[in-house]
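Structure first, commentary second.
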Amino acid sequence: MSIYKCPVCAEPLTIEKRRFVCANNHSFDRAKEGYVNLLLANQKNSADPGDSKAMVRARRDFFSGGYYAPLADALNTTITERLSDDFILLDVGCGEGYFLWALRESLDERACHLHGTDISKHAVRYAAKRDPASTFTVASIYDLPLLENSVDCLTRIFAPKSYSEFARVLKDDGTLITVVPANDHLREIKAIIYDTPEAHTPETDPERDTLFMEQDSIRVRYETTVTGNADIMNLLTMTPYYWHLSDDAKATFQQMDSLSITVDCLVSVYTKKH
């Protein structure tokens, strides 16, 4: 039996070579890239929900430059120090799969079962092509097609939050690991876009604090230089700041050949409250 449930009737899904199927014969075919679309039409908030092809391509190309590799390394250490062999991990809002792929690369021959889900079909398609050893699904983070108490570790990396769903699918002794921006994250970009840029404020969430207890928090802060205008524009395109660019700010970025940035994030570890 898999960790997945049918999005139609909530019965467990059996994973077959070419499809996921439940006892009521609701069937979901694998795409040629290997992922499975478990997002029902009534769960969509638009005709093409989630990140567009352009945003996914920008993130893919930017991450390939290695600019976030130190963050991925810190996250991988945080995960592997806390989990025994044969663990089941779900990355929600996985995007084009960079962080899940980096985790798999760091595990060598260690047994594990890695899963990623995102509402963007474009993102999941690329993630599945790059990492065929992991299981990828298109689904809503607010209605995860997973059975209760089925996952050892859930990661949320710059993704939306749905803590009630996270608690539902995590095992009682499971671990939630989140990555969110800290005070100085990409402050150099904000300094160009905004007249009075403000630091990121710590994330607060009453639902999280009701369901989870923080066990550890690791700050990952470093400076790196983005080289080439293509990577600079890719970075902008993959962030929310892109939608706040004035014509003058966009022109400034388009003329840059290098940009020093600060990567500043909090990697936080939580366990379920009982």
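Note: relative contact order over region 1-90, using C-alpha pairs below 8 Å and six or more positions apart, is 13 percent. The dipole here belongs to the chain: it is taken about the Cα centre, uses +1 on the Cβ of Lys and Arg and -1 on the Cβ of Asp and Glu, and is about 920 debye.
Close amide H contacts of D91 (hydrogens built in the peptide plane, cut-off under 5 Å, sequence separation of 5 or more or a different chain): H115, G116, T117, T155. Taking the longest Cα principal axis of the chain as reference, the axis of helix 53-63 is set at about 70 degrees.
Among C153, C94, C112, the largest mean-square fluctuation in a Gaussian network model of the chain (Cα springs under 10 Å) belongs to C112. Taking Cα atoms only, the orientation of helix 98-107 departs from the longest principal axis of the chain by about 70 degrees. Each of V8, V226 has its accessible area taken with a 1.4 Å probe; listed largest first, they run V8, V226. Between the helical axis of 121-130 and the longest alpha-carbon principal axis of the chain there is an angle of about 80 degrees. Each principal axis of the Cα cloud of region 1-148 was taken in turn, and the coordinate range along them, longest first, works out to 45, 37, 26 Å. The dipole here belongs to region 1-138: it is taken about the Cα centre, uses +1 on the Cβ of Lys and Arg and -1 on the Cβ of Asp and Glu, and is about 620 debye.
Averaged per residue, region 178-274 has 55 square angstrom of accessible surface, using a 1.4 angstrom probe with ligands and nucleic acids left out. For the chain, the relative contact order is 18 percent, taking Cα pairs closer than 8 Å that sit 6 or more residues apart in sequence and dividing their mean separation by the residue count.
The largest-to-smallest principal axis extents of the Cα set in region 182-269 are 47, 23, 20 Å.
Within the chain, the longest run free of trypsin sites (Lys or Arg not before Pro) that sit in a DSSP loop with at most 10 other Cβ atoms within 10 Å is 33-272. Based on C-alpha pairs under 8 angstrom that are at least 6 apart in sequence, region 74-172 has a relative contact order of 31 percent. The amide H of Q215, built 1.01 Å from its N in the peptide plane, has V269, Y270, T271 as neighbours under 5 Å, considering only residues 5 or more places off or on other chains.
In order along region 25-35, the Karplus-derived 3J(HN,Hα) couplings, from 6.51 cos²θ - 1.76 cosθ + 1.60 at θ = phi - 60°, round to 6, 6, 10, 10, 6, 6, 6, 4, 7, x, 7 Hz, and Gly and Pro are given as x. When the solvent-accessible area of region 1-85 is split by element, carbon and sulfur atoms take up 45 percent of it, the probe being 1.4 Å. With a Cα cut-off of under 22 Å and a minimum spacing of 8 residues unless on different chains, the lysine pairs in the chain number 27. Expressed in units of 2.2 N^0.38 Å, where N is the residue count, the Cα radius of gyration of region 74-230 is 1.11. Per-residue ellipticity at 222 nm computed for the chain from its helices equals -8000 deg cm²/dmol, with DSSP H segments shorter than 4 residues left out and the rest contributing -39,500 (n - 2.57). 3J(HN,Hα) couplings calculated from phi for region 207-217 with the Karplus curve 6.51 cos²θ - 1.76 cosθ + 1.60 (θ = phi - 60°) are, in sequence order, 5, 4, 5, 6, 9, 10, 10, 6, 9, 6, 9 Hz; Gly and Pro show x.
For region 158-266, with all protein chains in place and a probe radius of 1.4 Å, 48% of the accessible heavy-atom surface sits on carbon or sulfur.
The values are calculated or read from the model by the stated rules, or taken from the named source; none is laboratory data. As the structure is a computational prediction, the values presented were derived from the model and not from experiment. FYI the Cβ positions are ideal-geometry reconstructions off the backbone, even for glycines, and counts take in every protein chain you see. We work out accessible area using only protein heavy atoms, side chains counted, and drop any ligands, DNA or RNA first. Shrake-Rupley method; radii C 1.70, N 1.55, O 1.52, S 1.80 Å.
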